[in-house]
Amino acid sequence: MEIVKNSDYRISIEDMGNDGEGIGHIDGLTVFVKDTVIGDVAIVKIIKLKKNIAYGKLVELIKPSEFRVQPVCTISNKCGGCTMQHMDYKKQLEYKWNKVANCLKRIGGIDDPRDIMECPAYGMENPYNYRNKAQFPVGRDKDGNVVIGFYAGRTHSIIDTKTCAIGAKVNDDIIEIVREFIEKYNITTYNEETGNGLFRHILIRVGFATNEIMVCFILNGERIPHCSELIESLANINGMTSISINVNMEKTNRILGDKCITLWGQDYITDYIGDVKYRISPQSFYQVNPAQTKVMYDKALSYADLSGNEVVWDMYCGIGTISLFLAKKAKKVYGVEIVPQAIVDAKNNARINNITNVEFYTGKAEEVVPNIYKLAKDNTNCTTQDASYEAANADVVVVDPPRKGCDAVLLETIVKMNPKRIVYVSCDPATLARDVKILGDSAYTLRKVAVVDNFCHSRHVESVALLVKER
Ligand code: SAH
């Protein structure tokens, strides 16, 4: 059968792809269809045709899958965030678990990953309102009305949003106050094309354990007209702790600029994961789902199997979250992170928790760690107190890299450091699998994997893996 672009075909969705899209076939041709679920039978329009694959658009659902549910959110098919809200949550977990298993098998070369994976994935009992952070773009529609909400998938057009099913409930009240204020005083909003207009984004963070709230206005400027009125309305919200401006005058996709000005209250909020307290400023990286982060860190702690005598290295440590979480059970923890401000936060976090057996290094892990390791090897006089000595004698190495995975030079150095265990925390199963294969070639065997759903309703998934050195 000749398959023609822009024509409609009846397709059964038999599988799910990496981006949470449905996969079906027409005459052996694989077709990826957004907004469909495994088990759907649908009429699909072919919108892009390549040699071996095609992309289709859902035209009509003939027979909905048994795994289809009514999304809680009315704009879920437009907003780029929750691409899987129309799929039963249990099935989402199964999909994510399989995604990790398939990567480990296909890319990682593990024959039977299912045998060592904890089953099922760790999901949430109530997978809504879990996000502690939201960044709402602010703009105007073609009629000049204020729009505050989310970018439509893969675009920069703003979908006006009154509520978000995965965000903190208090966001709705804050957005309403800001919307009314902008309308009342006809305050300008940023136009990405011209680079003019004041309000760019509203960043809201909530400490779920403390109920402390932070609001930060990202402005193309340094002051808000009639600001005291805005502050007064926001300060009335129960839990409001920090109101600030972040200045970003650049024509850029980056949301935050470098300069922050505190308008009211503190310049940070605090939150807890377990009994470790963290101080969070507008610019710090902090995990967005604190409940599931606790599950993930507990898993990392149990895989690290600490007795109190171990030297631990935490690569890609951010604001020291994992380092501090492990420190109470270890002899010493070293953290390495590229962002200098994050290391300032990490050191502060150690101080406010009275944790003294941690040390942090700023720089690229693939540069810092090999340098320290080399020092130890070159200097046979180094003492048991030195980082270089301990680098050469690490018991456990934890890595929590960004999506692109670990740098090859870092992996090489870790192998030389010869830790008994490597705990790999990953937000991308494909790069996890790639690195598991590299470490596997150096006698590190994959022993356990836990899949943790930190980003419910999105296609993303976290996993924690334990690799053990075969002696
Ligand atoms: N473990 C932390 C942060 C994980 S996110 C937590 O759970 O909160 C990954 C971190 O790696 C980010 O903080 C990022 O700034 C940092 N990073 C990215 N590339 C790096 C590199 N080459 N060397 C060290 N850190 C890096």
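What follows draws every value from the coordinates through simple rules; no lab data is involved. As the structure is a prediction and not an experimental result, all values here were calculated from the model. Virtual Cβ from ideal backbone geometry, glycine too; neighbours counted across all protein chains shown.
Partners of Lys404 within straight-line reach, counting lysines whose Cα lies under 16 Å from its Cα and excluding those fewer than 8 residues away in the same chain: Lys364, Lys437. Taking amide H atoms as placed 1.01 Å from N in the peptide plane, the amide H of Arg140 lies under 5 Å from those of Val147, each 5 or more residues away in sequence or on another chain. Reported to the nearest whole Å, the Cα centre-to-centre distance from segment 23-71 to segment 90-146 is 20.
With the contact rule set at Cα under 8 Å and sequence spacing of 6 or more, what percent relative contact order holds for the chain?
12 percent
Remark: segment 26-37, residue by residue, has Karplus-estimated 3J(HN,Hα) of 10, 6, x, 7, 7, 10, 9, 10, 5, 6, 10, 10 Hz, where x stands for each Gly or Pro and the curve is 6.51 cos²θ - 1.76 cosθ + 1.60 at θ = phi - 60°. Phi angles of segment 142-148 translate, via the Karplus equation with coefficients 6.51, -1.76, 1.60 and θ = phi - 60°, into HN-Hα couplings of 5, 8, x, 6, 5, 10, 9 Hz per residue; Gly and Pro are given as x. Taking amide H positions as modeled 1.01 Å from N, with prolines and chain starts lacking one, the residues under 5 Å from Thr189 and 5 or more places away or on another chain are Leu198, Phe199. What you get for segment 62-166, charging only the Cβ of Lys and Arg (+1) and of Asp and Glu (-1), is a dipole of about 320 debye around the Cα centre.
Amide H to amide H distances under 5 Å link Gly335 with Asp314, Glu359, Phe360, Tyr361, where only residues 5 or more positions off or on other chains count and H is placed in the peptide plane.
Counting Lys and Arg as +1 and Asp and Glu as -1 over every other residue whose Cβ lies under 13 Å from the Cβ of Tyr373, the net charge comes to -3.
Label positions at Lys184 and Ile352, each projected 7 Å from the Cα along the C-beta direction, are separated by 3.2 nm. In the chain, helical runs assigned H by DSSP with n ≥ 4 each contribute -39500 (n - 2.57); averaged across all residues and rounded to the nearest 500, the mean residue ellipticity at 222 nm is -8000 deg cm²/dmol. The residues neighbouring Lys142, those whose beta-carbon lies less than 14 Å from its own, together hold a net charge of -3 under the Lys/Arg +1, Asp/Glu -1 convention.
Residue exposure proxy: Thr413, Thr431, Thr262, ordered by other Cβ atoms within 10 angstrom of their Cβ from fewest to most, comes out as Thr262, Thr431, Thr413. Considering only Tyr316, Asn196, Leu439, and ranking their Cα positions along the charge dipole of the chain that arises from unit charges at the beta-carbon of Lys, Arg, Asp and Glu, the one farthest toward the positive end is Leu439. Per-residue Karplus couplings for segment 118-126, computed as 6.51 cos²θ - 1.76 cosθ + 1.60 with θ equal to phi - 60°, are listed in order as 5, 10, x, 5, 7, x, 9, 5, 10 Hz, Gly and Pro entered as x.
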